[in-house]
Amino acid sequence: MAAVRKALIAAAVAAFAALFGRTFLKLKDISLASREIPVKRLNCQYLKNIDYGAEDITILKDGLAFLSTGLKYPGLHSFSDEPGKMYVLDLLHPKMTPVELQIKGQLDLSSFNPHGISVYEDEADDSIYVFVVNHPEHKSQVEIFRFVEEDTLMHLKTITHPLLHSVNDIVAVGAEHFYATNDRYFHHEALQLLTFMFDLSWCDVVYYSPHEVRVVAGGFKSANGINISPDRQYIYVSDIMDHEIDIFRRNEGEQLAYVKSVAVGSLCDNIEVDHRTGDIWLGCHPNGLKLLKFDPEDPPGSEVIRIKNIHSERPVVSLEYGDDGRQLIASTVAVPYEGKLLIGSVFHKALLCIL
């Protein structure tokens, strides 16, 4: 009996070791841990006042940019314990200095933790609505604001729903309507690890309106950035762990129909779309393992990828900016405007570059 028990224990240990080894190799492959970080710098300068990251940035057609800053995300480094903030930047102003937005209304600013953002312009009355993914105490909710003055956001509504359980990014399609990505299935880190271990693609995209909330696309390893085409007919989603951008046709009734995927070869975070050309701009993590472990002596790098003609049979994927972390740590978003390029990061700084 003792010999049988020893044999079973040895078999269990061997199986566990094999599973651990397989998981380690799988995570190493997913995180692109062996990839060399590309270096291709531009003429850039740091944006003033942005010292703790600008995880997401979006720009209106008139050059007004909104920035979410100070994100605290489970498992990732942070240089500040202060609540997050929102900033606005006029790219047509000679000084181009971000100004902190004053938030008014019923919102607990002491736990404000902004993540992905989106802006909706109501053509009926020219109102500007700012949608912000918020993680107070690591929860997930969506805040809707109205931009009412040069430096003020009026809080209108907080949205929570069981389907919006781990929201990363958002794209507004109405004054109270949006698509949102869930970047994880489990909140517990050990359980989330199992999804990678067994290659489970359980993340999804959710459509929200005041009348209905439903899952409209699934099968993602980790649904991250999301945005919409200039003609508003297509939705783009970054499956960050699958290293690709998925394209969906937006059908009647806000249904999404899968069209195709474009490989990008990097861990791409947020998606921005050039409203004139339709080009896709991506802030990416060239080596995910460096991002997770964060060594200030060997910091995670940054990468900006552009996709031209994404709907054609041969989209052109190009590197527009690459850095080994000496200039910018952990880029998350890149958005062009009139020959300029804004690049944000998880917890570091933000760059204004000349293209």
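The values are calculated or read from the model by the stated rules, or taken from the named source; none is laboratory data. Owing to the predicted nature of the structure, the values given are computational and were not obtained by experimental measurement. Here Cβ is always computed from backbone atoms with ideal geometry, including for glycine, and neighbour counts include all displayed protein chains. The protein model used for the area step is the full one, side chains on, heavy atoms only, and it has no ligands, DNA or RNA in it. Shrake-Rupley method; radii C 1.70, N 1.55, O 1.52, S 1.80 Å.
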One residue from R232, R249 being at pLDDT 95 or above, over 14 Å from the mean Cα position of the chain (by Cα) and at positive phi | R232
When region 139-173 is checked residue by residue, the ones that are basic (K, R) and farther than 17 Å from I103 by Cα are K139
Starting from region 229-255, keep only residues that are over 11 Å from I271 (Cα atoms) and free of Cβ contacts under 8 Å to residues at least 40 places away in the same chain, then list their pairs with residues that are open to solvent by 40 Å² or more (accessible area, probe 1.4 Å) and in a loop (DSSP other than H, G, I, E, B) whose Cβ atoms are within a distance under 6 Å, requiring at least 6 positions of separation or different chains.
-> R250/Q233
Go through region 103-186 and tell me which strands (runs of 3 or more DSSP E), entirely inside it, have 1 or more residues that are closer than 24 Å to T332 by Cα, basic (K, R) and open to solvent by less than 30 Å² (accessible area, probe 1.4 Å).
-> none
Could you grab me the full set of residues in region 326-355 that are among the small types (G, A, S) and under 17 Å from the mean Cα position of the chain (by Cα)?
-> A330, S331, A334, G344, S345, A350
Checked region 1-48 for anything modelled with pLDDT of 90 or more, outside any strand (DSSP E or B) and more than 23 Å from F294 (Cβ to Cβ); matches are L42, K48
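Looking only at residues that are surrounded by fewer than 17 Cβ atoms within 10 Å (Cβ to Cβ) and not polar (S, T, N, Q) in region 61-78, which one is nearest to P136 (Cα to Cα)?
Taking region 61-78 as the starting set, the residues that turn out to be surrounded by fewer than 17 Cβ atoms within 10 Å (Cβ to Cβ) are 61-63, 74-76, 78.
Filter once more, keeping what is not polar (S, T, N, Q): 61-63, 74-76.
Numbers: K61: 31, D62: 32, G63: 30, P74: 12, G75: 16, L76: 16 Å.
Residue satisfying both the conditions and the ranking: P74.
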Taking interchain pairs and intrachain pairs at least six residues apart, which have beta carbon atoms under 8 angstrom, with the first residue in region 136-158 and in contact (Cβ under 8 Å) with a residue 12 or more places away in the chain and the second of a type in the set (D, E) and in a loop (DSSP other than H, G, I, E, B)?
-> P136/D108; I144/E176; K157/E176
Within region 79-102, how many residues turn out to be in contact with a Phe, Trp or Tyr (Cβ under 7 Å, 6 or more places away or on another chain), surrounded by 16 or more Cβ atoms within 10 Å (Cβ to Cβ) and in a loop (DSSP other than H, G, I, E, B)?
-> 4
